[in-house]
1. Taking Cα pairs under 8 Å and at least six residues apart, what relative contact order does the chain come out at, in percent?
2. For a 27 Å ceiling on Cα separation, which of these pairs sit above it: 180/226; 225/250; 72/217; 120/226; 68/120?
3. Have a look at 115, 207, 244 and report the one farthest towards the positive end of the charge dipole of segment 4-252, computed about the Cα centre with Cβ charges (Lys/Arg +1, Asp/Glu -1).
4. Which whole-angstrom value gives the distance between the alpha carbon centres of segment 43-72 and segment 211-253?
5. For the chain, take the longest principal axis of its alpha carbons; what is the angle in degrees between that and the long axis of helix 77-93, to the nearest 10 within 0 to 90?
6. Under a GNM of the chain (C-alpha, springs under 10 Å), which listed residue has the highest mean-square fluctuation: 27, 227, 205?
7. Would you mind calculating the gained length between residue 131 and residue 115 on full extension (0.36 nm times residue separation, minus the Cα-Cα distance), in nm to one decimal?
8. With only Lys, Arg, Asp and Glu charged, each at its Cβ (+1 for the first two, -1 for the last two), find how big the charge dipole of the chain is about the Cα centre; round to the nearest 20 debye.
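Values quoted throughout were computed directly from the atomic coordinates according to the rules given, and no laboratory measurement underlies them. None of the values given here were measured: they were computed from a predicted structure. Neighbour counts are summed over all protein chains in view; Cβ atoms, including those assigned to glycine, are modelled from backbone coordinates with ideal geometry.
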Amino acid sequence: MLEPYFFFSILLLTGFFAGLVDSIAGGGGLITLPVLLSLGFSPHDALGTNKFQASFGSFTASYYYVKKGGVKLKETVTGIISTLIGATIGVIAVEQVSSKALNFIIPFLLIGIIIYSFKKTNIGELETHAHFTPFNFYLIFGILFGFYDGFFGPGVGSFWAFAFIAGLGYSFPKATGYTKVMNFTSNIVSLFIFLINGNIFFTAGIFMASGEILGAKIGSGLVIKKGARFIRPIFITVVIITTLKLLFDKFLH
């Protein structure tokens with residue numbers, strides 16, 4: 001049994017590093033979930049506690065990007081509404097439909113993102129022309145990715161960032177900021193469900209959230225200061241790790 005001070009120190013540091021990575025390129029759950037499970041949390045309690053603390057990180061990053069002018073919140077209204085609707089449908093659907101098909105398909109979609117990112121070495125460095133109107137983009141991808149996050153979830157930040165770059169022509173820094181707003185929106189729906197089901201350990205979640213807030217603030221600042229060349233390698237690394245984890249869970253675990 002771990003000493004309480006050591007136990008909570010682990011949670012605090014885990015939250016910090018997760019918030020730092022998540023605010024830059026997504027994928028914070030790749031850090032937090034294994035730690036929570038290794039500390040003895042049941043899968044459902046680990047997921048619920050993780051969603052609780054991650055919500056603080058995504059909110060902090062979103063707030064920072066809005067405050068610094070990286071995100072214009074008025075532009076995201078359609079996306080927020082669509083994502084809320086999609087995430088709600090996804091949470092309901094997960095009780096009715098097996099996620100096995102998604103568990104098989106998603107790693108290969110992520111591999112497609114990796115290949116495209118390596119081929120397009122300047123992807124996200126500068127803003128380019130949009131292929132969708134903002135309304136159509138948010139309506140389509142808000143419902144699609146909101147549903148995916150509520151139903152399954154892994155890699156949703158990568159999908160959002162890539163969609164913003166490819167669909168609206170955003171640079172990596174701008175796409176990262178808008179992705180955090182969408183992530184926070186779908187997090188709220190899942191958090192509400194976990195809260196109802198009693199799958200959140202608040203003491204552990206608060207310690208992790210404290211680290212998340214600090215990490216998210218530092219990470220968001222780095223994105224704004226350093227730009228696309230800083231984000232791109234971290235983004236690709238996170239997508240590769242997410243893909244390998246999903247393939248391991250599917251074929252080797």
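1. Reported as a whole number, the value is 40 percent.
2. Working: 180/226 17 Å; 225/250 38 Å; 72/217 18 Å; 120/226 20 Å; 68/120 29 Å.
Long pairs (Cα-Cα over 27 Å): 225/250; 68/120.
3. 115
4. Spelled out, the Cα-based centre of one part sits 14 Å from the other.
5. The two axes meet at around 50 degrees.
6. 227
7. Details: separation 16, 0.36 × 16 = 5.76 nm, distance 2.07 nm.
Stretched fully, the residue 131-residue 115 segment lengthens by 3.7 nm.
8. Details: 17 positive and 10 negative charges, 159 e Å.
Rounded to the nearest 20 debye, it is 760 debye.
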